[in-house]
Each structure stands twice: as C-alpha cells, then as structure tokens.
Amino acid sequence: MRRSPSRSARRALWLLASGAACLTAPLARASAQSDISKEGAIFLLSPIGARAVGTGQAMVASEVGSSGVWWNPASIARMHEKELTIDYSSTFAANGLAFSGALPAGRAGVFAVEAYVLDLGAQEATDQFGPIGTLLPRDIVLGATYAATIGRRLSAGVTYKLVQQRVDCTGACGNLPLTTSSTGAFDLGAQFAVDSARHLVLGAGIRNYGFKLQVNDVDQSDPLPTRIHAGARYEVPGVSARVPDGELALMGELVTRGAFDQLWARGGAEFTYKKQFFLRAGYASASGDGAGASIGFGARRGAISFDFARSFGGVSADAGKPPTYVTMRFGF
C-alpha cells in the first residue's frame with residue numbers, strides 16, 4: 001500500500017536534511033578562509049546556476065545540463081538533446097545574467113557556447129557643473145566548450161573563454177577614465193563513473209587557468225583566480241523503498257588554488273521526487289557571495305525546468321540581501 005503524500009514528503013525532507021548535514025559538517029570543519037586580494041577578475045568565482053548554489057556548489061561530479069559548462073566542461077559530454085539555459089543572480093553589489101546552449105553532435109561529442117554578464121550598476125558621472133553622463137561597469141565572459149565521452153565511463157571537456165572587465169559611459173563623458181581589460185582562460189575537466197549504474201561518479205577539473213589580466217600596464221597585471229576541483233557524487237540506493245519515486249544524491253568537493261596554499265570544502269544533497277520536483281541543501285566554505293549555507297528547489301515539466309536557490313553567507317547576506325539565483329532550462 002502506498003504511503004500518503006504527506007508521509008512521503010516528511011520522509012523526503014528528513015532524508016534531504018540528514019544527507020546534507022552528514023556531508024557538510026566535516027567539510028565545514030576542514031575549510032579555510034582565503035585572501036584573494038592579489039587575484040584579478042574575482043567575478044569569475046561568482047556562482048552561476050540555482051541548482052549549483054542549492055547544492056553548495058559541489059558540482060564537479062554532477063551533470064546539470066548546459067549550465068554545467070560553468071563548473072566542469074566534461075559534465076555536458078553525455079547530453080543527447082539540445083538545450084538552452086538562462087541563469088540569473090541578484091546580490092547586494094551586482095546582478096548577473098548567463099546564457100549557455102548545448103548542441104550534441106552524436107559520436108563527435110557535444111559543443112556549447114556560453115556568455116555571462118555581471119552588471120555592477122549604473123553610476124552617475126559628474127563634473128563641477130553637475131551630471132555629464134552615466135558610467136556602466138560590467139564584467140563579461142564569452143566562451144566555447146567541447147566535451148566527449150571516452151569509453152562508457154569516462155568523460156572529458158575543455159572550455160576557452162574570453163574574460164573582460166570594462167567601464168563604458170553614456171552621455172558627454174569627456175575625459176573620464178574609461179577602461180577595458182581583457183584576457184583568455186581555459187577550464188578543463190573530467191568525470192569518471194565508478195560503477196556501470198553511475199551510482200558513484202568522480203570528478204576533477206581546473207578553472208580559470210590563463211593569462212594575467214592587465215589593467216593599465218604590466219606592473220598592474222593580476223593573475224586569474226585559478227582553482228582546482230576534485231569531488232564525487234553518490235546516488236544513495238534504496239531511497240525509493242522508503243519514499244516511493246524518490247531519489248537522493250549526495251555531493252562533496254574540495255577546492256584549492258593553483259599554488260595549493262588554501263583548501264575549501266563544499267557539500268550538498270538533492271532529493272528528487274518523480275523526476276519532476278527537487279529539494280536541495282548545501283554548504284560552501286570560503287569567502288564571497290554564495291558561501292555558507294544554501295537551500296533550493298526546482299520543478300520540471302516536459303522539456304522546461306525551473307530552479308530557485310538562496311545562500312546565506314557572504315557580503316551580500318551581511319548587507320541584508322541574501323544572494324538569490326534563478327534558472328530556466330529549455331530542451332529542444
């Protein structure tokens with residue numbers, strides 16, 4: 001006899017909370033705070049995607065559709081349908097908008113393109129006589145990704161992205177110091193399924209590996225925030241016996257700089273009901289918006305998915321505006 005929906009829901013929440021707590025507690029104790037003042041283009045560390053934020057950003061071993069290119073390019077290697085994803089974020093300091101589109105090409109692999117704009121907000125420019133224009137500071141990423149499977153269990157991928165920080169102006173801007181700084185960077189990643197049923201998947205990758213960001217001259221060049229990721233995703237067996245049509249996945253991940261001088265930890269859990277409804281919880285150590293505890297939920301109807309997440313750490317949360325993330329996915 002099937003359990004009542006209310007009892008199933010209670011069991012789902014209990015499983016989700018227990019999984020997240022067991023996974024994130026030891027990770028949180030292993031974390032360390034970083035000093036990122038010497039790195040350039042720090043916006044590259046801003047989390048993209050509600051599903052990622054909801055599970056504590058532990059994404060290196062997960063497959064989340066086309067938006068996975070922001071976390072591990074190998075994650076799109078097993079996609080079989082075209083997809084467009086729109087990710088929106090809102091924090092105290094900026095609003096972000098990201099697009100990612102994936103095009104599977106059969107045995108040739110999967111191709112994707114992506115774009116990200118972080119709007120830091122318009123600022124009024126003035127001189128001794130009053131307003132003369134509006135400054136528009138923005139951070140931009142344009143990228144292209146390729147991923148493919150190698151055998152039945154291994155996937156690999158690479159992303160090249162153009163990174164740009166710019167300040168534009170509208171109006172009679174005169175001699176205002178407008179700037180455009182650009183550089184290139186690579187993301188590399190791999191995923192490996194330990195068992196044929198893919199209950200346990202391992203992931204590893206390197207993000208933001210590239211040339212320094214030059215602001216005005218060589219002396220002002222700053223290294224990109226290169227990060228190395230390693231983690232796992234585990235599909236807990238037997239969940240459907242306790243919650244009919246339920247699934248539970250646990251994710252854990254360690255992150256370090258390229259110099260291996262700092263270590264951060266991330267962990268999360270995702271409960272799925274009837275492959276249509278999702279509850280998420282997670283924790284990400286380190287500083288910045290998106291750090292700390294997070295929760296999220298999602299729903300899927302046919303080829304359309306909606307996800308929402310909110311995190312409770314970082315400068316934005318301290319300022320009274322917890323970072324909020326919304327994702328829409330469209331399959332074709």
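Readers should treat all values here as calculations from the given coordinates under stated rules, not as data from a laboratory. Since we're looking at a predicted model, the values are computed, not measured. Backbone-built Cβ (ideal geometry, glycine too); neighbour counts: all protein chains shown.
Yes/no matrix, rows are residues, columns are (1) in a loop (DSSP other than H, G, I, E, B); (2) charged (D, E, K, R):
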{"position": "136", "(1), (2)": "no, no"}
{"position": "146", "(1), (2)": "no, no"}
{"position": "166", "(1), (2)": "no, yes"}
{"position": "178", "(1), (2)": "yes, no"}
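When only residues in the range 127-160 that are crowded, with 20+ Cβ neighbours inside 10 Å and closer than 17 Å to residue 96 by Cα count, which is farthest from the chain's Cα centre (by Cα)?
139
So, in the range 167-210, exactly how many residues are in contact with a helix residue (DSSP H, G or I) (Cβ under 8 Å, 6 or more places away or on another chain) and among the charged types (D, E, K, R)? Walk me through how you get there before you give the answer.
Restricting attention to the range 167-210, the residues satisfying the condition of being in contact with a helix residue (DSSP H, G or I) (Cβ under 8 Å, 6 or more places away or on another chain) are 185, 187-191, 203, 205, 207-208.
Add one more test, that the residue is among the charged types (D, E, K, R), and what stays is 187, 207.
Of the residues in the range 167-210, 2 are in contact with a helix residue (DSSP H, G or I) (Cβ under 8 Å, 6 or more places away or on another chain) and among the charged types (D, E, K, R).
Yes/no matrix, rows are residues, columns are (1) among the hydroxyl-bearing types (Ser, Thr, Tyr); (2) closer than 22 Å to residue 85 by Cα; (3) assigned to a strand (DSSP E or B); (4) touching a Gly at 6+ places or on another chain (Cβ under 8 Å):
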site	(1), (2), (3), (4)
275	no, yes, no, no
278	no, yes, yes, yes
283	yes, no, yes, yes
286	no, no, no, no
294	yes, yes, yes, yes
300	no, yes, yes, no
310	no, yes, yes, yes
317	no, no, no, yes
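Please go through the range 236-263 and pick out each residue that is surrounded by fewer than 15 Cβ atoms within 10 Å (Cβ to Cβ) and among the hydroxyl-bearing types (Ser, Thr, Tyr).
240, the sole residue that qualifies.
Looking for something under 19 Å from residue 59 (Cα atoms), touching a Pro at 6+ places or on another chain (Cβ under 7 Å) and of a type in the set (Asp, Glu) - is there at least one such residue anywhere in the range 304-327?
There is no residue in the range 304-327 that is under 19 Å from residue 59 (Cα atoms), touching a Pro at 6+ places or on another chain (Cβ under 7 Å) and of a type in the set (Asp, Glu).
Go through the range 213-227 and report how many residues are among the charged types (D, E, K, R), exposed (fewer than 15 other Cβ atoms within 10 Å of the Cβ) and outside any helix (DSSP H, G or I).
Number of matching residues: 1.
Tell me which residues, restricted to the range 228-248, are part of a strand (DSSP E or B) and free of Cβ contacts under 8 Å to residues at least 60 places away in the same chain.
228, 234, 235, 247 - these are the residues of the range 228-248 that are part of a strand (DSSP E or B) and free of Cβ contacts under 8 Å to residues at least 60 places away in the same chain.
In the set 233, 266, which member is in contact with an Asp or Glu (Cβ under 7 Å, 6 or more places away or on another chain) and buried (at least 22 other Cβ atoms within 10 Å of the Cβ)?
266
In this structure, is residue 201 surrounded by fewer than 19 Cβ atoms within 10 Å (Cβ to Cβ) and closer than 18 Å to residue 74 by Cα?
Values: surrounded by fewer than 19 Cβ atoms within 10 Å (Cβ to Cβ): no; closer than 18 Å to residue 74 by Cα: yes.
No: the conditions fail for residue 201.
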